[in-house]
1. Under a point-charge model restricted to the Cβ atoms of Lys and Arg (+1) and Asp and Glu (-1), what is the dipole moment magnitude of the chain relative to its Cα centre, in debye to the nearest 20?
2. Round to a whole number: what % of the accessible area of the stretch 41-129 belongs to carbon and sulfur, probe 1.4 Å?
3. Would you calculate, for the chain, the mean residue ellipticity at 222 nm contributed by helices, counting each DSSP H stretch of 4 or more residues as -39,500 (n - 2.57) and dividing by all residues, to the nearest 500?
4. In whole Å, what is the distance between the alpha-carbon centres of the stretch 76-129 and the stretch 10-74?
5. Mind pulling the angle between the C-alpha long axis of helix 72-99 and the longest principal axis of the chain? Nearest 10 degrees, somewhere in 0 to 90.
6. Note down the accessible area of residue 92, probe 1.4 Å, to the nearest 10 Å².
7. With a 1.4 Å probe and all protein chains left in place, how much accessible area per residue does the stretch 61-129 have, in Å²?
8. Roughly how much of residue 117 is accessible, in Å² to the nearest 10, using a 1.4 Å probe?
Amino acid sequence: MNIFFLLAGILAALTSIGHLTYGKRRFLGPMQQADFEPVAKTIMYCVFHYISIFLLLSTLVLLACAFEAVSQMQSFGMLAFIALNFGLFAIWQLYIGFMSGLEKPFKELFQWVFFLSISILTILGVILT
């Protein structure tokens with residue numbers, strides 16, 4: 001068992017749950033109630049669920065790799081892809097938070113902590129196995 005993938009998988013599962021509960025209530029609901037272009041609103045609804053699918057599939061892959069259900073040779077590319085995506089999500093969210101006019105951007109846009117942690121744990125799992 002790879003403890004780094006297990007920890008990354010657990011964090012990814014918690015991130016998925018947070019996305020589907022807190023994110024749906026705090027972001028998707030108000031966005032659906034906002035008064036702006038219906039096509040843009042529908043696209044944002046789709047994007048929210050694209051991220052949901054990515055988070056859930058990443059969680060499954062990380063947990064499958066943690067329990068060695070996928071061979072190390074076959075999992076390398078998937079794990080590198082997951083680590084890169086979560087790392088870029090974190091970097092991009094930090095950048096947007098820094099550049100935004102929000103009063104407390106790193107408190108409001110806190111997901112970068114989870115994204116960066118998942119990325120680092122996945123990289124450590126790949127390197128140290």
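The values are calculated or read from the model by the stated rules, or taken from the named source; none is laboratory data. If you're wondering where the values come from, they're calculated on a predicted model, not measured in any experiment. FYI the Cβ positions are ideal-geometry reconstructions off the backbone, even for glycines, and counts take in every protein chain you see. Remember, those area values only see protein heavy atoms, side chains included, never the ligands or the DNA or RNA. Shrake-Rupley method; radii C 1.70, N 1.55, O 1.52, S 1.80 Å.
1. Details: 6 positive and 5 negative charges, 40 e Å.
Value, rounded to 20: 200 debye.
2. On the way: 4350 of 5660 Å².
Whole-percent figure for carbon plus sulfur exposure: 77.
3. Values: 6 runs with 99 residues, N = 129.
Roughly -25500 deg cm²/dmol at 222 nm, from the helical runs in the chain.
4. What the calculation gives is 14 Å, centre to centre.
5. Approximately 30 degrees, to the nearest ten.
6. Ignoring ligands and nucleic acids, residue 92 comes out at about 150 Å².
7. Numbers: 4440 Å² over 69 residues.
I get 64 Å² per residue for this part.
8. 40
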